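Shown next, in structure tokens, is the structure this report addresses.
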Amino acid sequence: MDRFLGEKAGTLPAQEHTSSSVTAAAPQATVTDARRRGRRAAAWRTRMEITVLSAPAIVVFVGFVIFPVALAAYYGFFDWKGYGPATDFVGLKNYAIIFTDPTFLEALSHNGIIVVLSLLMQGPVAILLALLLNQKMRGRTLIRVLIFVPYVISEVIVGVGFSLMLQTEGAVNDLLQSIGLGFLRADWLADPSIAIWTLMLILTWKYIGFAVILFLAGLQGIPTELFEAASIDGASYWQIQRRITLPLLGPTIRIWAFLSIIGSLQLFDLVYIIWGQYVAGVAGTSTMATYMVTNGRDAGNFGYGNAVAVVIFVISLVIALIYQRFVLRRDTAGALTERRA
């Protein structure tokens with residue numbers, strides 16, 4: 001009997017402890033639920049902000065990029081003259097003609113040459129100019145402006161100006177003749193052996209200012225303490241640039257290279273203005289874009305022109321994805337890692 005009463009008495013504190021624990025856990029559960037609801041509300045507000053802020057850009061992107069590409073892909077399956085409904089369905093015939101046409105393949109090779117030469121000619125020169133203009137020197141601001149001015153000049157003005165200066169009897173040949181270098185006179189625009197180099201010099205003059213400004217912006221993000229520490233350790237100027245500046249400038253260089261590649265693949269205006277629709281093919285400076293206009297709009301075959309536009313878009317997209325996957329991966333991976341942290 002005493003044992004039973006003892007056990008009965010022993011259970012009373014346990015019951016009291018259990019009830020008190022339940023009573024204490026209730027406010028804690030309420031606080032946890034409130035925090036969970038607060039996090040859900042914050043997440044919902046964040047999603048709403050993202051939706052509201054990105055909706056205009058998405059509408060513009062869909063309306064001016066996705067929809068035109070889809071429409072071009074649709075018309076690319078028809079033999080369409082540019083007016084009326086597209087009824088003459090030809091399937092993949094236009095695309096088959098594109099990849100078997102030697103003229104298009106030649107234009108594609110010209111784009112490839114322009115991509116490579118743009119990187120090799122503009123990149124090193126722009127880096128050297130950026131390193132020079134990053135130093136404290138008299139007239140630095142004026143030189144920066146003069147280098148950037150060609151980039152902001154309209155392509156039409158540049159094209160017309162160079163087409164007049166580089167004619168057989170133009171200003172360039174007259175200048176060479178007047179200074180005793182008449183043996184260097186050449187047909188800068190029509191000679192297939194030098195026309196592509198003429199184009200590359202014009203492109204370098206036109207777009208190198210953008211690369212210089214971009215590299216100067218990248219140089220501003222490199223801490224000067226690194227240069228000072230390397231100088232104290234006895235590193236020369238060129239060792240500092242090779243070991244410190246170029247590696248830290250790598251992300252900027254890769255972004256510029258990406259923009260240069262995409263621009264070279266879609267090059268049209270300067271070639272079309274300087275060489276025209278017929279001379280470009282003969283001179284060896286035609287591009288995929290000039291081929292599209294010449295064999296599409298100018299030939300009255302808008303269905304074929306739309307098919308060429310889709311091919312250019314797909315080629316550019318594939319190269320962009322490959323470049324992002326294998327070249328820009330380290331930069332995007334670092335950004336995502338920082339965001340997760």
How do the pairs read when you match residues in region 264-287 that are acidic (Asp, Glu) with residues anywhere that are not in a loop (DSSP other than H, G, I, E, B), using Cβ under 8 Å and keeping only pairs 6 or more apart or on different chains? Asp269/Glu155; Asp269/Val156; Asp269/Gly159
In region 154-192, the residues that are open to solvent by 30 Å² or more (accessible area, probe 1.4 Å), in contact (Cβ under 8 Å) with a residue 24 or more places away in the chain and within 20 Å of Ile114 (Cβ to Cβ): Glu155, Val156, Phe162, Ala190, Asp191, Pro192
Scan (1) exposed (fewer than 11 other Cβ atoms within 10 Å of the Cβ); (2) modelled with pLDDT of 90 or more; (3) over 29 Å from Ile113 (Cα atoms) for the single condition Thr141 breaks and write down its number. (2)
Residue in region 81-96 that is least open to solvent (accessible area, probe 1.4 Å), counting only those that are closer than 30 Å to Ala283 by Cα and not aliphatic (A, V, I, L, M): Asn94
Near pairs, Cβ below 7 angstrom, 6+ apart or cross-chain, from region 60-84 (outside any helix (DSSP H, G or I)) to any residue that is modelled with pLDDT under 90 and aliphatic (A, V, I, L, M): Phe77/Val90; Phe78/Ala86; Phe78/Val90; Asp79/Val90; Trp80/Ala86
Of the candidates Phe77, Phe67, Phe61, Phe99, the one satisfying the condition of being in contact with a strand residue (DSSP E or B) (Cβ under 7 Å, 6 or more places away or on another chain), at pLDDT 60 or above and either surrounded by 10 or more Cβ atoms within 10 Å (Cβ to Cβ) or within 30 Å of Gly303 (Cα to Cα) (or both) is Phe77
Counting just the residues of region 294-330 that are surrounded by fewer than 17 Cβ atoms within 10 Å (Cβ to Cβ) and of a type in the set (Val, Ile, Thr), which one comes out modelled with the lowest pLDDT? Val327
Could you please let me know if Ala217 is within 21 Å of the chain's Cα centre (by Cα), under 16 Å from Leu133 (Cβ atoms) and surrounded by fewer than 16 Cβ atoms within 10 Å (Cβ to Cβ)? yes
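The values are calculated or read from the model by the stated rules, or taken from the named source; none is laboratory data. Treat the numbers as computed from the prediction; the structure is a model and nothing was measured. Methodologically, a virtual Cβ is constructed for each residue, glycine included, from the backbone with ideal geometry; neighbour enumeration extends over all protein chains shown. Note: accessible area is taken over every heavy atom of the protein model, side chains too, but ligands, DNA and RNA are not part of it. Shrake-Rupley method; radii C 1.70, N 1.55, O 1.52, S 1.80 Å.
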